[in-house]
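The values are calculated or read from the model by the stated rules, or taken from the named source; none is laboratory data. This one's a predicted model, so the numbers in the text were calculated from it and none came from an experiment. So basically every Cβ, Gly included, is an ideal-geometry build from the backbone, and we count neighbours across all protein chains shown. Keep in mind that these areas ignore ligands, DNA and RNA; they rest on the heavy atoms of the full protein, side chains included. Shrake-Rupley method; radii C 1.70, N 1.55, O 1.52, S 1.80 Å.
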Amino acid sequence: NQAKQGKKFLDWYSPDLEEKMAWRLGLIRQLRQDFEYGKLEVWYQPQLSLDTLEIIGCEALLRWPSDNGHYISPAIFVPLAEDAGLIVDIGQWVLEQACLQQKKLVGIGMDINVAVNVSVPQFKVANYAQGIKDTLLAHKVDPKKIELEVTESVVMDEIGVVIDTLQELKEFGVEVAIDDFGTGFSSLSYLQKLPLARLKIDRAFVKDIPDNDSGAIADLVVSLGRHLGLKTIAEGVETQAQADLLKQLGCDEVQGFMYAKPMPSNELMAFLKTYKPN
Ligand code: C2E
Ligand code: MG
Ligand code: MG
Ligand code: MG
């Protein structure tokens, strides 16, 4: 076959690579099929005010069940879905699930935010903001209660278009957070121009607290947020020591296994009904 003939010319070629590509294609095919058959799930992880420990929202996180009862991590399959062009349709479905979830929350008297992750290919769709508005209007959900989490890679792309899109979303009431802040390359001068609501401190900068100097980055992000008038939320909070330091730094909100893990919608509802701060 052609790939084999190419072998002597391409010194990067290896059977490993071929195997990897076949594995990827297999996974993509399976993902497409499972999505079409309605097998994907959206789980939700609570987000809390660090001050009051009240639950102020939850993040929608994709889950892909595999045959053996385990879940394939979105860290693996979301990048595949992005490459295969599947993330646009899947992302639209996640947004719709988030809208339904938000209304369920209103139904139990907890009108909190639902945050949805957005990838670059989704954000690049023509009239992206209008698509979001249409979906929220169709579901009659309060735009102020749906938040989008975008990474720095989304924001760094065609900054002019991004500003317009964020502005349009903001005027409609949808807030945007920068996810995994500090792990990508963000120009700080761009940051100032973007109509954002939150900076999300990546787990990498929370993980080693209180060891090393890792608290330094969290400190920096919190003060940056304060100066820019943005709220800060830390992800991946697992210990009381981390929570204490983040509180001392003035971080507004937290999300992490220490408080609650991501869970299916029905579990979230049960959790919220019995949850008491402290
Ligand atoms: P993310 O948006 O940064 O989501 C936070 C991740 O941190 C989640 O991983 C969550 O389960 C994990 N996490 C939260 N608290 C803790 C903690 O205390 N300890 C540890 N070890 N982990 C914690 P998850 O669910 O595996 O998702 C991974 C990534 O996949 C997400 O990172 C996001 O970038 C992407 N993703 C997930 N769902 C979607 C989606 O619907 N659309 C898009 N475009 N991307 C998604
Ligand atoms: Mg996120
Ligand atoms: Mg994150
Ligand atoms: Mg992260």
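Against the conditions (1) open to solvent by less than 30 Å² (accessible area, probe 1.4 Å); (2) within 18 Å of the chain's Cα centre (by Cα), Val222 satisfies every one except (2). Picking from residues in the range 163-210 that are within 16 Å of ligand 3 (Cβ to nearest atom) and in a helix (DSSP H, G or I), the one that is nearest to Val254 (Cα to Cα) is Val206.
Which residue is farthest from ligand 3 (Cβ to nearest atom), if the candidates are limited to the range 211-227 and must be modelled with pLDDT of 90 or more and not hydrophobic (A, V, I, L, M, F, W, C)? Restricting to residues being modelled with pLDDT of 90 or more and not hydrophobic (A, V, I, L, M, F, W, C), the top hit is His227.
Among the residues examined, Lys170 qualifies as within 25 Å of Glu235 (Cα to Cα), out of contact with any helix residue (DSSP H, G or I) (no Cβ under 7 Å at 6 or more places or on another chain) and more than 16 Å from ligand 2 (Cβ to nearest atom). Flag set for Lys247, criterion: more than 21 Å from the chain's Cα centre (by Cα), assigned to a helix (DSSP H, G or I) and either within 16 Å of ligand 3 (Cβ to nearest atom) or over 30 Å from Asp164 (Cβ atoms) (or both). If you take the residues of the range 219-264 that are small (Gly, Ala, Ser) and within 14 Å of ligand 1 (Cβ to nearest atom), which of them is farthest from Pro46 (Cα to Cα)? Among them, the one singled out is Ala241. Among the residues of the range 43-61, write down those that are out of contact with any Lys or Arg (no Cβ under 7 Å at 6 or more places or on another chain), open to solvent by 20 Å² or more (accessible area, probe 1.4 Å) and within 16 Å of ligand 2 (Cβ to nearest atom). The answer is Ile56, Leu61. Exactly one residue out of Gly160, Gly109 is out of contact with any strand residue (DSSP E or B) (no Cβ under 7 Å at 6 or more places or on another chain), at positive phi and away from ligand 2 (no atom under 16 Å from the Cβ): that is Gly109. Residues in the range 113-156 that are in a strand (DSSP E or B), in contact (Cβ under 8 Å) with a residue 40 or more places away in the chain and not hydrophobic (A, V, I, L, M, F, W, C): Asn113, Asn117, Glu147, Glu149. Could you check how many residues of the range 52-94 are among the small types (Gly, Ala, Ser) and more than 7 Å from ligand 1 (Cβ to nearest atom)? Final tally of qualifying residues: 6. Any idea which of (1) modelled with pLDDT under 95; (2) open to solvent by 60 Å² or more (accessible area, probe 1.4 Å) is the one Phe123 doesn't satisfy? Condition not satisfied by Phe123: (2). Among the residues that make up the range 201-214, is at least one of them out of contact with any helix residue (DSSP H, G or I) (no Cβ under 7 Å at 6 or more places or on another chain), surrounded by 18 or more Cβ atoms within 10 Å (Cβ to Cβ) and of a type outside the set (Gly, Ala, Ser)? Yes, because at least one residue in the range 201-214 is out of contact with any helix residue (DSSP H, G or I) (no Cβ under 7 Å at 6 or more places or on another chain), surrounded by 18 or more Cβ atoms within 10 Å (Cβ to Cβ) and of a type outside the set (Gly, Ala, Ser).
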